[in-house]
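The structure under discussion is supplied below as structure tokens; questions concerning it will follow.
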Amino acid sequence: MTGVHKAFGDHEVLRGIDLEIRKGEVVALLGPSGSGKSTLLRLINHLDTLDTGKISFDGIEVGYRGTGVPLPEREVARQRVDAGVGMVFQHFNLFGHLTARENVAVPLRWVHRVPKDEALAAADQLLGRVGLSARAHALPRQLSGGQQQRVGIARALAGRPQVLLLDEPTSALDPELVQEVLEVVRSLAVDDGLTMLIATHQLGFAREVADRVVFMADGTVLEQGPPEQVLDNPKHPTAVRFLRAVHTVEV
């Protein structure tokens, strides 16, 4: 990410983000609400468009031709596959009329053109990966929030991404359901070695799983470094205030 700017009307959300994520690295994005974390993830996945700047995956700029001309959505979806990008959303974004296995099979069938039976078999394997084999035929309304989010994670994994973006994956969950989702994400980071960029307020989780913490506020990166450095000894006053407040809430 180089010089990334994004505004919605007169509101400048991102003010020049420069950030590089290495292969296999797990990076936690921290910062107050409105700092631009979710917008940055959406720009990386080309769900929103850049105003200025550049985002690329080993040279692939998702959403644009080599000349900088924007691509139609069907071609953007193909580019996401080529770049190996998957995303887990804050509010699950499941299709309410489809079962868990059908929701997971959707990207395989629509984007990867995998035959139906093969896609459903792959979906069953992925649901097993997130501990939901027994709920494969349940509709989203029949699942808890934690189970819905685990279906969302399985769906994001269906395309075998090399980079997984997670936008506050536990913020829409009741506190007692948070841990089950964090356990799945933890296993992906530790066991699968995925490159991950996670917007989160879970400081303990960031400390345990992340290789690097990036602290954002007001659309800029204020501080970054190893978790123990940023979480235990922040330098910027805004980071100090925020982390102190979150520590107090968690305690």
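Determine, yes or no, whether Leu164 is touching a residue at least 24 places away in the same chain (Cβ under 8 Å), closer than 20 Å to Gly84 by Cα, within 16 Å of the chain's Cα centre (by Cα) and surrounded by 15 or more Cβ atoms within 10 Å (Cβ to Cβ).
Values: touching a residue at least 24 places away in the same chain (Cβ under 8 Å): yes; closer than 20 Å to Gly84 by Cα: yes; within 16 Å of the chain's Cα centre (by Cα): yes; surrounded by 15 or more Cβ atoms within 10 Å (Cβ to Cβ): yes.
Considered against the rule, which asks whether it is touching a residue at least 24 places away in the same chain (Cβ under 8 Å), closer than 20 Å to Gly84 by Cα, within 16 Å of the chain's Cα centre (by Cα) and surrounded by 15 or more Cβ atoms within 10 Å (Cβ to Cβ), Leu164 comes out as yes.
What number of residues in region 72-118 are in a helix (DSSP H, G or I), among the charged types (D, E, K, R) and more than 23 Å from Gly59 (Cα to Cα)? Walk me through it before giving the result.
Going residue by residue through region 72-118, those that are in a helix (DSSP H, G or I) are 73-83, 100-110, 116-118.
Pick out the ones that are also among the charged types (D, E, K, R) and you get 73-75, 78, 80, 82, 101-102, 109, 116-118.
The next check asks that each one be more than 23 Å from Gly59 (Cα to Cα); those that pass are 101-102, 109, 116-118.
Matching residues across region 72-118 total 6.
Just to be sure before I move on: is Gln179 free of Cβ contacts under 8 Å to residues at least 60 places away in the same chain, crowded, with 22+ Cβ neighbours inside 10 Å and polar (S, T, N, Q) in the structure I sent? Walk me through it before giving the result.
Working: free of Cβ contacts under 8 Å to residues at least 60 places away in the same chain: yes; crowded, with 22+ Cβ neighbours inside 10 Å: no; polar (S, T, N, Q): yes.
Criteria not met by Gln179.
Has region 90-102 got any residue that is at negative phi, more than 21 Å from the chain's Cα centre (by Cα) and among the hydrophobic types (A, V, I, L, M, F, W, C)?
yes
A further question on this structure: Determine if region 165-175 includes at least one residue that is touching an Asp or Glu at 6+ places or on another chain (Cβ under 9 Å) and of a type in the set (Ser, Thr, Tyr).
No, there is no match, as no residue in region 165-175 is touching an Asp or Glu at 6+ places or on another chain (Cβ under 9 Å) and of a type in the set (Ser, Thr, Tyr).
How about region 146-200: which of its residues are polar (S, T, N, Q), farther than 18 Å from Leu120 by Cα and in a helix (DSSP H, G or I)?
To start, the set of residues in region 146-200 that are polar (S, T, N, Q) comprises 147-149, 162, 170-171, 179, 187, 195, 200.
Now drop any that are not farther than 18 Å from Leu120 by Cα, which leaves 147, 149, 162, 170-171, 179, 187, 195, 200.
Within region 146-200, Gln147, Gln149, Gln179, Ser187 qualify.
Quick one: which of Val221, Val214, Val209, Val185 is under 28 Å from Ala83 (Cα atoms), surrounded by 15 or more Cβ atoms within 10 Å (Cβ to Cβ), in contact with a Pro (Cβ under 7 Å, 6 or more places away or on another chain) and in contact (Cβ under 8 Å) with a residue 12 or more places away in the chain?
On the way: Val221 fails: in contact with a Pro (Cβ under 7 Å, 6 or more places away or on another chain); Val214 fails: in contact with a Pro (Cβ under 7 Å, 6 or more places away or on another chain); Val209 fails: in contact with a Pro (Cβ under 7 Å, 6 or more places away or on another chain).
Testing whether each residue is under 28 Å from Ala83 (Cα atoms), surrounded by 15 or more Cβ atoms within 10 Å (Cβ to Cβ), in contact with a Pro (Cβ under 7 Å, 6 or more places away or on another chain) and in contact (Cβ under 8 Å) with a residue 12 or more places away in the chain leaves just Val185.
Taking Ile44 and the conditions (1) modelled with pLDDT of 95 or more; (2) crowded, with 20+ Cβ neighbours inside 10 Å, which numbered condition does it fall short on, given that it satisfies the others?
Unmet for Ile44, out of (1) modelled with pLDDT of 95 or more; (2) crowded, with 20+ Cβ neighbours inside 10 Å: (1).
Residue under question is Gln142, and the condition is that it be closer than 22 Å to Arg42 by Cβ, surrounded by fewer than 17 Cβ atoms within 10 Å (Cβ to Cβ) and among the polar types (S, T, N, Q); does it hold?
Values: closer than 22 Å to Arg42 by Cβ: no; surrounded by fewer than 17 Cβ atoms within 10 Å (Cβ to Cβ): yes; among the polar types (S, T, N, Q): yes.
No: the conditions fail for Gln142.
The values are calculated or read from the model by the stated rules, or taken from the named source; none is laboratory data. Since the model is a prediction, treat every value here as computed from it, not as a measurement. Heads up, the Cβs are rebuilt from the backbone with ideal geometry, glycines too, and the neighbour counts pull from every protein chain shown.
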